[in-house]
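The values are calculated or read from the model by the stated rules, or taken from the named source; none is laboratory data. None of the values given here were measured: they were computed from a predicted structure. Here Cβ is always computed from backbone atoms with ideal geometry, including for glycine, and neighbour counts include all displayed protein chains.
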Amino acid sequence: MRCPRCGFKNPEGARFCNQCGTRLAEIYKEEGQRRRIAVIFADISGFTPLSEKLDPEEVKDIIDRCLRQMADVIYKYEGYIDKFIGDCVMALFGAPIAHEDDPLRATLASLELMEVIKRFNQEQGLNLALSIGINYGLVATGDLGRPGEYTVMGDAVNLAQRLQYKAPRGKIYVSASVYEQTHKEILYRRLGSIRVKGKKEKVLVYIPVKVRRTYSLRKIEELPLVGREEELKDLVETFSHVKKGQGQVVAVVGPAGIGKSKLTYEFKKLLPKKLFLIEGRGIEYQKKASYRVLKQLLKDLIKIDESDSEKSADKKFTTFFKKLNAPHLTKGLSFIRYFLSLPLSPDDRTRFESMKPNDRMRLLNEAIRSFLLVLSSKAPIVFILEDCHWIDTETVNFMCEFAEYIGKRPIMLTILHRSEFSIGTPARLKYFHRINLKPLSPANSTLLLYDILRCKKIDPKLISLLLKKSGRIPFYIHELATNLLNSGLIQIDHNVAILNKGTTALLPRTLNELIMTRVDKLNTDLRQIVDIASVIGDEFSVSILEHLLNLGPALKRYLSTLTQSGFIRPLRKSTKADTQEEKYTFSHTLTREAIYNSLLNRVKKDYHKKVGYAIESVYSNNLSEYYDTLANHFLVGGEDEKAIEYLEKAGDRKKELYLNTEAIKLYERALELLNHKPAPDRMVRIYEKLGHLFELVGQYQKARQAYNKMGDWGSKNPISKARSLIALANVLINQGLFDPALDRLTHAQKVLGRKSQLPKKETKVVLANILRLECWIYRIKGMTSRAEQKGQEAISLIKQIKHWYNYPELKRALEMAYIPLAIVYSMKGEYDKAIKLLEDTLFIAEELGDRRALGHAYNNLGTIYRAQGRFNQAIDAYNKKLKISEELGDKSGIGIASCNLGNAYRIMGNYNKAITLLETYLKIAEELGDKHGVGQANVNLGIVYWTKGEYQRSIKSFEKYLKISEQLGDKRGIAVALGNLAEVYESKFEHKKALELLQKYHHMSQELGDKMGVANASFGLGYIYTETGQLKSAERHLQEAQKIYEAVGNKIAIGNVYNAIGYLKFNQGMLEQALFYTKKALALGHETKASEIEVNGFLNLGRIYLAQGLVKKSTENFTRAIRIARKLKYKRLLADAHFEYGRSLKLNKVADNRLIKKNLLNALKIYKILKLKTRISQVNRLLRPETKSCT
């Protein structure tokens, strides 16, 4: 019993082939059928001369070898060898196993047989030849009197034999019926009509000349579109709007197999030639490969292929954009070059390296968007994105954002996805609509069945069964019907299709089973190809298969066979003019899933490993595009070392793209694997990256855990251990935990001090970073002398290294050390020293090409100029910071510059501009998910609203800052928020509430060791106690504040406290001391150009001089205070100035009622706007006419 699939001769009665496992029992037990099949007769000539020269046994051996090679060709195309008749082979295509393209298989096999004979002659030194005849027609099948065997009979067989007899040596004669079935795939020469034995009429004959394609054009995509006419009309109508410049977004939605791809396939055939058709598809296992689909869309558009060298890809890119002729895109092209991993100029590379990853990607998205919009001005663009549910998140996000820009452009965005997927924001656009595909109606399902089975009538019971099994889903209908037909379970007799009796139990129960019944019929090579392809993924390249399979030229033939069988379809075919890599995809995702899930776990593991190594080899020049893919293959393949390597690299790539959450997951997965095979250096590196990411997203507790782990694994390496402690200290600083941060830095110094043989430069850099952070902490804590000492030590440490200026890493460490020391000098009022350090920072940053550091230096310069009252220079410096940030696309930097500009305009009294700038900062911080930035924006907005007298808005902003600080665990932030809220409540004369908040602020600052916080709280408490007449408590707190401020050297703070002490002394009746402190305050106000100090100082002088009876001098000072307050546009301060002037005049009984009333009414007007009830009441009491008692 010979197997029809592989030709192996099995024992009689065998149920399965012992060679390939094909089921035999059902094939051979049938009583007979009528089938349309293709029959080959191939006769070998040229053996007669051999018989005269060689021994008969030698001749037999040669014939056997030749026939075996011919048989291999027949079996390759899944033909069945009916018999050998002497030197002739009779082969069948379509029985006992049918295919939808049997005539093509027979013709391809015949052409290949000719090649086999040529090779055999060359190898053996012979002159054999074949003559072949092929016919296609109806035959009777069965054992036909030969039990256990299988053969066919009929006129179709006879004609094939007669054609072979007529064919000359080396020729193939093909009947008209074969020609009709194959002329699209095979180029023929028409021979004409000839007479053959047994036929009255002449027979038309064709000779195959050349293969046009090795797969049938009749694929699933080219079956008639059934039941989707309305949906197709919808797409065509949508495109008609696009042609008019009205952009459209359309989602084609439905379950797997419903016909989404088929519908868009038919739609594409109706599109005009003059447009840009851009197609992409999601692949399940590459869903996490960031920007994969967007990158592929651009590469396909520009015709850049993975196999292109860097030079070739660069040339294609340059040529494409030169032809596009869009000069205004020039600036954005460098971003697209970067995205596609093409060469960059040194300037562009430096600029990109200076950018923050999220800003770089934001500007990249803008560049791609601009490019596509420009492209649409040349011709309409139609995007078709298949399997959108598997497209990477970044591409989906880009397309969602891009959709908002196409409303007035000739762009159509067509999205295909399953029902459970949500497209998000585009669904809310006016020009969006959805096409929901549902199962076909029974009538349309029946029409599709008729087309598949190609008969005039189908048994109603068979229709009912097929529709029930398939759920009326087109792909299932096609797979089920085709499979049953090819398996012989459906019989077509007299153009009527029926289900063979007793075969219902053999029907597949599930779709997977249905698919696998077809897969199981593939020969060994074909099965291995689809198995490996299923592991590679939905899309697979010929290059990878060639690397993995030692099949040589046969691979492409096998791929053609799989294509014609409907398992796969070509995505991209290579031509001489197009060097793009050849790629295929499975005809349906479900096919790939079924094959992949059928593999044994050990086989999957082995294939994943091999695929990983193949990708490394084939795409070695562009490996960064495959980090996620490689990580997945090596992970499943059990190659932990490789998996860890690519998980880390993929994490780095995600981090670079500012995809922090995904990067965290990848690093954590790498660490899970490393726990089984610890590698300390690698674990230190990954935990450091992980900690940094947790810091960025504000998860400080997790950041601390990561850095602690980093320290544990780096315990034997002093530099790694010290770096972990520095990182921990930085997190603690962000949380306002200064003393614990100092403990970590002290520990880090001790760790480095234990080893004397450490690398000098690296150790010095680490030590300088420790000192730099200590400088920062001591400055916050108000210990300016200590801070200054640490800052100077950090700088000295770097400069001690010989020729330090030749080492970029040392110069970078130095510029980082300059900034905190400059801030210390600024606090002390030593502005020249601060400016000198920042100018040195600017110089180093320019030398290194470090634009980001340059921006930081300008930002700090602006802050110093602002402290000096040099507002125009401050604004100029902040604008430089802003410009650099915009050039770098540094959104965070833009926000910080906007914040500082806002503060400068606030001090200058331009509150509306200040609010606009601070709201810009708030918006940016919210977009970036920067909680700390959101807090800073709110606290600064709160200060503006407080200054304007909008106290409720101010409280709301400060409370937001308080809540964010609590969420971040930022204790210093919590303390500052309490202090800010206290100031507002004090302004509203809610002294009890203000005192409660200030006491909490004071207590928290003491706990934190924050001396400036303690001083600020004491200052506030002292002021309120003065206002409420608790003068001893006031004196104690103001003296504490004075002591700290003077130790710190903060001149503005000292000026404020001197004014407060002057006011206290006035209330104590110590006018000379009051005058002494007030004049000292005014001197500092003048030096620092702090207008608020001047207003309060002049108010103090007005009170003092009036109490001394010096009315003229008093009036001069009150007037100066009012004039400055009015210029500042500080409502509360202006109202207080009027109030103090009027009240002081009345209390000192100065007989100028008109002046008293004028000032009190001016104050009352503002207090009413500010809704300050206490002050309103006080003013009203002062305005009441005094009554004289009767005597």
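Quick rundown of the values:
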| read-out | value |
| --- | --- |
| Hey, Lys311 on the phi < 0 side of the Ramachandran plot, assigned by TED's automatic domain parsing to the domain that holds Glu366, over 26 Å from the mean Cα position of the chain (by Cα) and in a helix (DSSP H, G or I) or not | yes |
| Candidates Ser345, Ser370, Ser312, Ser376, filtered to the one that is of a type in the set (Ser, Thr, Tyr) and in contact with a strand residue (DSSP E or B) (Cβ under 7 Å, 6 or more places away or on another chain) | Ser376 |
| Selection within the range 233-267 - among the charged types (D, E, K, R), closer than 23 Å to Phe402 by Cβ and more than 29 Å from the chain's Cα centre (by Cα) | Asp234, Glu237, Lys243, Lys244 |
| Residues being more than 60 Å from the chain's Cα centre (by Cα), at pLDDT 85 or above and not aliphatic (A, V, I, L, M) - total across the range 38-57 | 3 |
| One residue from Ala1083, Ala1135 being in the same structural domain as Ile1169 (by TED's automatic domain parsing) and surrounded by 22 or more Cβ atoms within 10 Å (Cβ to Cβ) | Ala1135 |
| Test: Pro474 is at pLDDT 85 or above, more than 19 Å from Ala95 (Cβ to Cβ) and not assigned by TED's automatic domain parsing to the domain that holds Thr589 | yes |
| Residue identified as basic (Lys, Arg) and either assigned by TED's automatic domain parsing to the domain that holds Asn1059 or more than 18 Å from Ile733 (Cβ to Cβ) (or both) among Lys971, Lys960 | Lys960 |
| Residues of the range 444-483 satisfying the condition of being buried (at least 21 other Cβ atoms within 10 Å of the Cβ), among the polar types (S, T, N, Q) and under 18 Å from Glu229 (Cβ atoms) | Ser445 |
| Leading residue by the ranking (surrounded by the most Cβ atoms within 10 Å (Cβ to Cβ)) among those in the range 60-105 that are aliphatic (A, V, I, L, M) and part of a loop (DSSP other than H, G, I, E, B) | Ala95 |
| Search result, residues across the range 638-652 that are surrounded by fewer than 22 Cβ atoms within 10 Å (Cβ to Cβ) and either in contact with a Phe, Trp or Tyr (Cβ under 9 Å, 6 or more places away or on another chain) or in the same structural domain as Val603 (by TED's automatic domain parsing) (or both) | Glu639, Asp640, Glu641, Lys642, Glu645, Lys649, Asp652 |
| Condition met for Val174 (at pLDDT 95 or above and outside the structural domain of Pro570 (by TED's automatic domain parsing)) | yes |
| Enumeration of residues in the range 1144-1158 that are modelled with pLDDT under 85 and closer than 10 Å to Leu1106 by Cβ | Leu1147, Asn1148, Val1150 |
| Test: Ala1041 is within 24 Å of Val976 (Cβ to Cβ) and of a type in the set (Gly, Ala, Ser) | yes |
| Hits in the range 311-355 - residues which are within 16 Å of Val374 (Cβ to Cβ), in contact (Cβ under 8 Å) with a residue 40 or more places away in the chain and in contact with a Lys or Arg (Cβ under 8 Å, 6 or more places away or on another chain) | Leu324 |
| Filter result (surrounded by fewer than 22 Cβ atoms within 10 Å (Cβ to Cβ), of a type in the set (A, V, I, L, M, F, W, C) and farther than 26 Å from Leu696 by Cα) within the range 908-942 | Met908, Ile915 |
| Residue in the range 268-276 that is farther than 28 Å from Thr563 by Cβ, assigned to a helix (DSSP H, G or I), touching a strand residue (DSSP E or B) at 6+ places or on another chain (Cβ under 8 Å) and modelled with pLDDT of 90 or more present | no |
| In the range 534-581, residue modelled with the highest pLDDT [restricted to those that are surrounded by fewer than 21 Cβ atoms within 10 Å (Cβ to Cβ), among the acidic types (Asp, Glu) and assigned to a loop (DSSP other than H, G, I, E, B)] | Glu581 |
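Matching residues to (1) more than 24 Å from Met355 (Cβ to Cβ); (2) surrounded by 15 or more Cβ atoms within 10 Å (Cβ to Cβ):
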position	(1), (2)
Thr661	no, no
Glu672	yes, no
His676	yes, no
Asp681	yes, no
Tyr687	yes, yes
Leu690	no, yes
Leu696	no, yes
Tyr700	yes, yes
